[in-house]
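Below: the structure, in C-alpha cells.
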Amino acid sequence: MILTKAQYDEIAQCLVSVPPTRQSLRKLKQRFPSQSQATLLSIFSQEYQKHIKRTHAKHHTSEAIESYYQRYLDGVGRNGAAPVLLELANEVDYAPSLMARIILERFLQEHKETPPSKSVINSMLRDPSQIPDGVLANQVYQIIFTDTKGARNQPPQLFQSVTSGHSRQTKT
C-alpha cells in the first residue's frame, strides 16, 4: 500500500504525544492497522531522529550538562543499581545512548587531567568494562542492554537481576 503525505503526517502527528517506546508502537499499529509494522517503525524512527536533532543543542549547554551530571550523581548515590541514566534520559526526553555519552564525558573530565578523546569515549561506550567507575560502567551497560533489546522505558525491575551483582566500588 502506498503511503500518502497526509497519512504520513497523521501518523507523525500521533507520535508527538507519545513517548518512543515499544508500547507506543503497538498503539500506533492499532490506530493504523492498514499500515505495515515496518512502515510505522520507519516513520517512528524518522520522527524520533528529527526530535533528537532539534533538541540536541539544548542538552549540550554547560548548564544542562552540569545539571544532568548532578542528577546522575544524586540518583546513583540513592541507588546505584537503579537505571538512573535511563530514567534521566526519559525525564528530559533525550536518547539514552546520548545521555550516557554526556555523563561519561563529564565523568572523565572530572577524573582525568586531559580531556578524553572521542575514540576513548566511543571505546568505553562499546565496552563499558573499560570505564574506571563500576557504577557508571553498569549504568552504561543498562543503556546498551535496552538499546539492543528494545526495552527502552521499561520499569526498573527489568534491571534488578542485571545490576544486583555489580559492585558500587570504583574500579582500579
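Here, each number is a calculation from the coordinates, and none is a lab measurement. This structure is a prediction, so every number in the text was calculated from the model and none was measured. Counting neighbours? That spans all protein chains shown, and the Cβs are built from the backbone with ideal geometry, glycine included.
Structure data summary
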| quantity | calculated |
| --- | --- |
| Cα→Cβ-extended label distance, 7 Å offset, between Phe145 and Lys5, nm | 4.6 |
| Segment Ser67-Ser36, length gained on full extension (0.36 nm per residue, minus Cα span) | 7.1 nm |
| Anchor Lys27: aspartates and glutamates whose Cα lies under 17 Å away (excluding residues fewer than 8 positions away in-chain) | Asp9, Glu10, Glu47 |
| Cα gyration tensor, segment 61-149 - rounded (a/c under 1.5), prolate or oblate | rounded |
